[in-house]
There are 2 protein chains.
Amino acid sequence: MSTLIAPSNHSPAEDAQALQKAFKGWGADDKAIISILGHRNVHQRQQIRKAYEELFQEDLIKRLESEISGDFERAMYRWMLEPAERDAVLANVAMRNGNKDFHVIVEIACVLSAEELLAVRRAYRCRYKHSLEEDVAANTTAHLRQLLVGLVSSFRYEGDEINARLAQSEANILHETVKEKKGNYEEAIRILTTRSKTQLVATFNRYKDEHNISISKKLLDQTSDDFNKALHTAIRCINDHKKYYEKVLRNAMKRVGTDEDALSRVVVTRAEKDLRDIKDLYYKRNSVHLEDAVAKETSGDYKKFILTLLGKQD
Amino acid sequence: MSTLIAPSNHSPAEDAQALQKAFKGWGADDKAIISILGHRNVHQRQQIRKAYEELFQEDLIKRLESEISGDFERAMYRWMLEPAERDAVLANVAMRNGNKDFHVIVEIACVLSAEELLAVRRAYRCRYKHSLEEDVAANTTAHLRQLLVGLVSSFRYEGDEINARLAQSEANILHETVKEKKGNYEEAIRILTTRSKTQLVATFNRYKDEHNISISKKLLDQTSDDFNKALHTAIRCINDHKKYYEKVLRNAMKRVGTDEDALSRVVVTRAEKDLRDIKDLYYKRNSVHLEDAVAKETSGDYKKFILTLLGKQD
């Protein structure tokens, strides 16, 4: 369930005018900006952007970029993009940050539905004049490349059918891969990049039945090179992406110096989808409400904005 | 240009009734069937199928399968499917035939546009309850798998931009791959499966400029294992698919015992697209008209049908 609190009816033109008023003078009225844009769903935000363009012959996103700054600006920028374009930007930024951010690409490839992933590939092509897989391939090598390119290029079958025999045999293949440190990566990559998610979850369950440990936990015992990390993220995202996101949030706020990029990414991308469930998981795991953790670790307009998206009433 | 001769207006209901009449009695009136269905474009054929279903509560394709047989039936079956579904069937049949037919999958992946290939993947998923890449991956290994899965999963950028520096550096990489028999396959696969076709043609041209031989010709000197054959087909299809198809037709009729499957595949899939250009290339290369070659090598209803699709007037 979503955490976003948006009115069922709003006037895009009135919102655009209120925003323009908030931009006036020295220093924008950040509170007003948040009270509008932090309470509009994806469709409403696009309508406001359009109305703003028509009324003031100016791109609202560009104007926002010049009016606000820092973590608040970055979060708002991502919030204002349509989901497919936002993910295209996140993937591109992740590549420019080098290997350490490849998990963002794995998330996008493994959490989205086949059609949603395709929309990201379309948006990426349109924005960057390259295909997503082209840039991923050019920035990686060896098994990591094979895995990432396979994941972002997938168009998985989404039916409910499970082949139990296949789940057993492929759980065995994954076991061999994980057991030997130099296992049969090719087959593990084939399985993870091409099977349906339903089939993969059945395979992961067979693994757990036989080895009394989840395959993702088992992977953590291995040498954690980039490939193993990507494999681990892929399995977690396919198996239970809400639990995965809970952990991303936990890690983002566990460190000295919060990881605002990770926090914003999860909140902005999930607010209109299942952030309420992720919040519940967070409380269950940490005995602290996510809002309280965020309030403690962040400050200023950024804090206000993230808490608004988390569903805090003004 | 297309070779199909179809009326600008037709009555789907009248066509359906004429077909039903042709099916009556012992042995269908094949001439009547060809004179109708051999002169209807893809949209018209789907309308006829729909009208037939409504009028006679029977699937026209199933009825055709029971009324006609052999090469004629197989060609007509493919002709009656919508293009994306037809390619899905061709790809699936190719896999069931084992390694020798992988060139059909390469053709589909490399000749179609990004959106057309995607439509085939959708149709495949819908018909076979697996993704196309899933079945390709499960039926192949090693470099051949990497190449084929990469090709069928691609969603290439389709802009006209060419990066000349990149064309040069990647022509060098391809040269290294082709020169050493155990070259840097990973990089060659990356280049061929992810770059835009425009960029790849520029890369092939750079190769030719430097080595005075086309890369596809050079590949023919290598050991021709399945991987090298697939690589060769991919390069030819991307570089100039019409010339590629001309050669498929030439080879199909060169052998003792015509390869009707190949002949039907090219004629049925290209009749509404660019079969006229392929015909011209055939004449230029063989000094024989394609229709004359087909007339000599085939017989009966199959011959009549293929010649009709080639644009022969009744």
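The values are calculated or read from the model by the stated rules, or taken from the named source; none is laboratory data. Everything numeric here is computed off the predicted structure, so don't read it as measured data. Here the Cβ is made from the backbone with ideal geometry for all residues, glycine too, and neighbour counts use every protein chain on show. SASA here: full protein model, heavy atoms, side chains in, ligands and nucleic acids out. Shrake-Rupley method; radii C 1.70, N 1.55, O 1.52, S 1.80 Å.
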task: Sort shortest first the distances from A:Asn163 to its counterpart in every other copy, using label points 7 Å along the Cα-to-beta-carbon line, and give them in nm.
output: 3.8
Förster-model FRET efficiency, 45 Å R0, A:Phe56 and B:Asp221, C-beta, rounded to 0.05: 0.10
- line: Across A:Ala167, A:Ala234, A:Ala88, the residue with the highest GNM fluctuation in chain A (Cα network, 10 Å cutoff) is A:Ala167
- line: With the dipole of the range B:1-147 defined by +1 on each Lys or Arg Cβ and -1 on each Asp or Glu Cβ, the option from B:Gln20, B:Ile68, B:Ala123 whose Cα lies farthest towards the positive pole is B:Ala123
- request: Let me know the whole percent of all Cα-Cα pairs from the range A:62-140 that are separated by more than 21 Å.
  value: 29
query: What is the Cα centroid distance between the range B:214-243 and the range B:53-128, reported in whole angstrom?
result: 25
task: Please build a GNM for chain A, connecting alpha carbons under 10 Å apart, and tell me which residue among A:Asp101, A:Asp226, A:Asp209 fluctuates the most.
output: A:Asp209
- prompt: Could you give the nm distance between label points at A:Gln20 and A:Glu176, where each point is 7 Å from its Cα heading toward the beta carbon?
  reply: 6.7
query: What distance in nm separates the simple spin-label points at A:Lys31 and B:Asn286, each placed 7 Å from Cα in the Cβ direction?
result: 8.2
query: Can you give me the relative contact order of chain A as a percent, contacts being Cα pairs under 8 Å and 6 or more apart?
result: 22
task: Rounded to the nearest 100 Å², what's the accessible area chains B and A bury against each other, both chains counted, probe 1.4 Å?
output: 2700
- prompt: Among all cysteines in chain A, which have no other cysteine Cβ under 4.7 Å from their own Cβ?
  reply: A:Cys126
- prompt: How do B:Glu291, A:Glu246, A:Glu158 rank by accessible surface area computed with a 1.4 Å probe, from largest to smallest?
  reply: A:Glu158, B:Glu291, A:Glu246
- line: Largest fluctuation, B:Leu200, B:Leu166, B:Leu174 only, Gaussian network model of chain B with Cα springs under 10 angstrom, belongs to B:Leu166
- prompt: Taking every eigenvalue of the Cα gyration tensor of the range A:164-239, multiplying by 5 and rooting it, what semi-axes result, largest first, whole Å?
  reply: 17, 13, 12
- prompt: Distance in nm between label sites at A:Lys312 and A:Lys243, each 7 Å beyond Cα in the beta-carbon direction?
  reply: 2.9
Relative contact order of the range A:83-153, defined on C-alpha pairs under 8 angstrom at six or more residues apart (%): 34
field: Where the Cα pairs of the range B:1-88 fall when distances are cut into 10 Å bins, in %
entry: 17, 55, 27, 2
statement: With +1 at each Lys and Arg Cβ and -1 at each Asp and Glu Cβ, the charge dipole magnitude of chain A around its Cα centre, to the nearest 20 debye, comes out at 540
message: Using a 7 Å offset from Cα along Cα-Cβ at A:Asn205, what residues in the range A:143-184 end up with backbone N under 19 Å from the label point?
response: A:157-175
Spatially near lysine pairs across the range A:242-309, Cα under 15 Å, sequence gap of 8 or more or different chains: 10
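Expected output is a single nm value to one decimal: the length gained when fully extending between A:Glu116 and A:Ile213, i.e. 0.36 nm times separation in residues minus the C-alpha distance. What is it?
31.8 nm
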- prompt: How many Å³ per residue does the convex hull of the Cα positions in chain A occupy?
  reply: 141
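Placing +1 at every Lys and Arg Cβ and -1 at every Asp and Glu Cβ, with all other atoms neutral, what dipole size does the range B:12-68 have around its Cα centre, in debye to the nearest 20? Walk me through the numbers on the way to the answer.
Numbers: 9 positive and 10 negative charges, 24 e Å.
Its charge dipole is roughly 120 debye.
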query: What does the convex hull of the alpha-carbon atoms of the protein assembly as shown project to on average, in nm²?
result: 34.3
query: At 222 nm, what helix-only mean residue ellipticity would the protein assembly as shown give, in deg cm²/dmol to the nearest 500, using -39500 (n - 2.57) for each DSSP H run of four or more?
result: -22500 deg cm²/dmol
Accessible area in square angstrom per residue, the range A:12-68, 1.4 angstrom probe: 53
query: Across peptide B:113-126, how many C-beta atoms of other chains are within 10 Å of each residue C-beta, on average?
result: 2
- request: In whole angstrom, note down how far apart the Cα centers of the range B:251-265 and the range A:245-314 are.
  value: 64
message: Solvent-accessible area of A:His39, probe 1.4 Å, all protein chains present, reported in Å² to the nearest ten, please.
response: 20
Nearest residue to the symmetry axis between A and B, taken on chain A by its Cβ, in whole Å: A:Ser153, 2
- prompt: With the radius of gyration and the Kirkwood radius both derived from the Cα set of the range B:146-293, what is their ratio Rg to Rh?
  reply: 0.99
